[in-house]
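The values are calculated or read from the model by the stated rules, or taken from the named source; none is laboratory data. In this text the structure is predicted, and so the values were computed from the model without any measurement. Positions of Cβ are generated from backbone atoms using ideal geometry, with glycine treated the same way; all protein chains shown enter the neighbour counts. These area figures cover heavy atoms from the full protein model, side chains too; ligands, DNA and RNA do not enter into them. Shrake-Rupley method; radii C 1.70, N 1.55, O 1.52, S 1.80 Å.
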Amino acid sequence: MRVLSADWVLPIEGPPIECGAVAIEDGRIAAVGTVDELGEGTYYEDAVVVPGFVNAHSHLEYAVYAGFGDGLGDFAEWITLHVQRKARIGWEEYVDIARLGAAECLASGVTAIGDCSYSGASAVACAELGLRATVYLEVFGADTAKALEHFASIRDRAEPSFSERVRPGVSPHAPYSVSLDLYRACSELGLPIATHVSESPSEVAYLLRGEGPWGGYSDLLVDPPGETGTRLLAEHDLLGPHVVAAHCVVLDEEEIGLLASSNTGVAHCPRSNAALGCGVAPLAELRAAGVRVGVGTDSPASAPSFDFFEELRSVVLSARARAQRPDVLSPVEALELGTLGSARALGLDGEIGSLVPGKRADLAVVSLALSPYLPWEDPTAAVVLGGSPDRVIVTFVDGEPRYEKGGTDWHELTAAAHSARRAMLDAPPAAEPVAARHA
């Protein structure tokens with residue numbers, strides 16, 4: 001049995017424990033208590049033991065896409081640029097990039113992700129680096145047979161990497177890029193589902209009337225259904241507890257009610273929403289309605305990084321800015337959203353998301369040494385407002401250290417990913433097909 005202890009342990013399902021300890025046995029949490037009760041084991045001074053963060057929405061395969069198209073006038077222009085550049089690399093490069101994304105998540109205290117994967121490379125990366133994952137394999141288009149054929153091919157490629165820790169899912173991309181028939185076919189696969197919903201005003205304008213900036217990109221999109229994505233999926237019984245809806249920025253009261261009544265999970269991604277000019281999601285309203293909300297970083301293609309601490313701070317700040325009230329969301333509530341809340345959104349809260357005996361030993365140790373938050377007043381506020389990847393000492397998945405500060409060498413991994421980025425920045429071949437995203 002291994003015991004980890006620190007100045008504080010934050011179980012999430014229970015009050016903070018001063019001079020706390022966590023006992024680990026056979027990959028699971030055996031006990032949580034004080035040092036006096038469990039012994040000191042390995043003690044981390046000026047530090048906090050927290051449940052591993054659960055990143056409810058990521059794209060590991062976009063780990064080196066930072067800055068691509070930043071500031072373009074509209075989301076449709078931005079996504080078109082990404083489609084073009086993505087077509088310049090192949091499978092090996094996808095894997096190289098995904099490995100870097102998985103490494104950066106672990107270094108930020110993230111122990112589990114819900115990843116939307118274009119190629120299936122995320123499954124390989126997570127299996128190799130020991131990151132827990134639901135890998136939602138992406139499908140696009142109106143042609144159901146062609147899309148399912150593509151899904152089968154990338155699932156076959158990723159299949160050797162699936163396990164109890166890395167499980168497959170499917171991601172019908174969004175209501176503007178996937179037909180209703182394809183959504184139905186994905187639902188019939190019996191897998192966890194992730195989809196992008198109600199991300200921007202331009203998306204809603206296109207879906208409702210085929211109007212707005214997206215009208216010029218109709219050759220890349222499915223025909224507008226005359227309804228918002230949330231209502232469309234609800235009307236056809238395509239929401240539910242097995243579904244995670246990413247973003248959910250542009251919602252009215254009825255749509256929030258549909259998400260709540262269907263028990264659909266929501267991945268809240270405030271930095272991505274802000275960077276793309278999509279708006280501020282109604283987090284307080286979603287929580288008040290009882291929606292299962294978690295936190296996602298999205299990817300460096302939109303948000304600046306996989307830094308989960310920055311995402312948690314953005315959760316707090318954006319909620320307070322929208323409500324114009326500093327008490328609308330506390331650091332305690334934000335930490336719960338990024339751990340147990342995200343686990344609930346992914347349907348994994350029985351196994352991860354809090355430090356409870358019997359759950360998986362997925363946890364991180366965060367140092368606050370030399371930070372403005374010592375001596376301690378509120379350890380949870382210190383983690384949320386003062387934490388950073390540089391302060392993560394060690395990240396455990398299934399009781400095994402998957403990242404250790406100063407002891408994990410990813411130089412070759414990083415170099416390979418940066419080589420793939422250079423390939424995407426090279427001049428494209430003539431007449432490169434933008435529609436490659438639907439292949």
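Please list, ordered by chain and number, the residues whose modelled amide H lies under 5 Å from the amide H of Ser117; skip anything fewer than 5 residues away on the same chain.
Tyr136, Leu137, Glu138
Run the reach check for Lys86 against lysines, Cα to Cα strictly under 22 Å, same-chain hits fewer than 8 apart removed. What comes back?
Leaving aside lysines fewer than 8 places away in the same chain, those within reach of Lys86 are Lys146.
Output wanted: per-residue J couplings in Hz (rounded whole) for segment 156-161, from phi through Karplus 6.51 cos²θ - 1.76 cosθ + 1.60, θ = phi - 60°, x for Gly and Pro.
Each residue of segment 156-161 in turn: 4, 5, 8, 3, x, 8 Hz.
Rank these by accessible area, largest first, 1.4 Å probe: Lys146, Lys86. Please list the in-between numbers first.
On the way: Lys146 115, Lys86 15 Å².
Most to least solvent-accessible, the answer reads Lys146, Lys86.
Stick to Cα atoms and the Kirkwood definition of Rh, then tell me Rg/Rh for the chain. Each step should come with its number before you reach the end.
Numbers: Rg = 21.0 Å, Rh = 21.8 Å.
Result for the chain is an Rg/Rh of 0.96.
Using only Cα atoms, tell me the angle between helix 308-323 and the longest principal axis of the chain; keep it within 0 to 90° and round to the nearest 10.
Tilt relative to the chain: about 70 degrees.
Taking a ≥ b ≥ c as the square roots of the Cα gyration tensor eigenvalues, with a/c under 1.5 meaning rounded and otherwise prolate when a/b beats b/c, else oblate, which class fits segment 286-332? Don't skip to the end; give the middle numbers.
Working: a/c = 2.22, a/b = 1.54, b/c = 1.43.
Prolate, because a/c is 1.5 or more and a/b exceeds b/c.
For segment 157-217, with the dipole built from +1 on Lys and Arg beta-carbon atoms and -1 on Asp and Glu ones, taken about the Cα centre, which of Ser179, Leu207, Val166 lies farthest toward the positive end?
Positive-end residue among those listed: Val166.
Taking θ = phi - 60°, what integer Hz values does the Karplus form 6.51 cos²θ - 1.76 cosθ + 1.60 yield along segment 31-47, in sequence order, with x for Gly and Pro?
Once rounded to whole Hz, the list reads 6, 9, x, 9, 4, 4, 7, 10, x, 7, x, 8, 9, 10, 7, 6, 9.
Classify segment 194-296 as rounded, prolate or oblate, taking a ≥ b ≥ c as the square roots of the eigenvalues of its Cα gyration tensor: rounded when a/c is under 1.5, otherwise prolate if a/b is larger than b/c and oblate if not.
Numbers: a/c = 1.97, a/b = 1.36, b/c = 1.45.
In terms of gyration-tensor shape, oblate.
Return one whole number: the accessible area per residue of the chain in Å², for a 1.4 Å probe.
Working: 16270 Å² over 439 residues.
Accessible surface, normalised per residue, equals 37 Å².
Computed from the mean reciprocal separation of all distinct C-alpha pairs, what Kirkwood hydrodynamic radius does segment 234-353 have, in Å?
Values: mean 1/r = 0.0702 Å⁻¹.
When all Cα pairs of segment 234-353 are included, the Kirkwood radius is 14.2 Å.
Report the equivalent ellipsoid semi-axes for segment 1-107 in whole Å, largest first, defined as the square roots of five times the eigenvalues of the gyration tensor built from alpha carbon atoms.
Numbers: eigenvalues 366, 50, 23 Å².
Value: 43, 16, 11 Å, ordered largest first.
Just to check I understand the Karplus step: with θ = phi - 60° and J = 6.51 cos²θ - 1.76 cosθ + 1.60, what whole-Hz values come out for segment 227-233, glycine and proline as x?
Per residue, the Karplus-derived 3J(HN,Hα) values read 8, 5, x, 4, 5, 4, 5 Hz.
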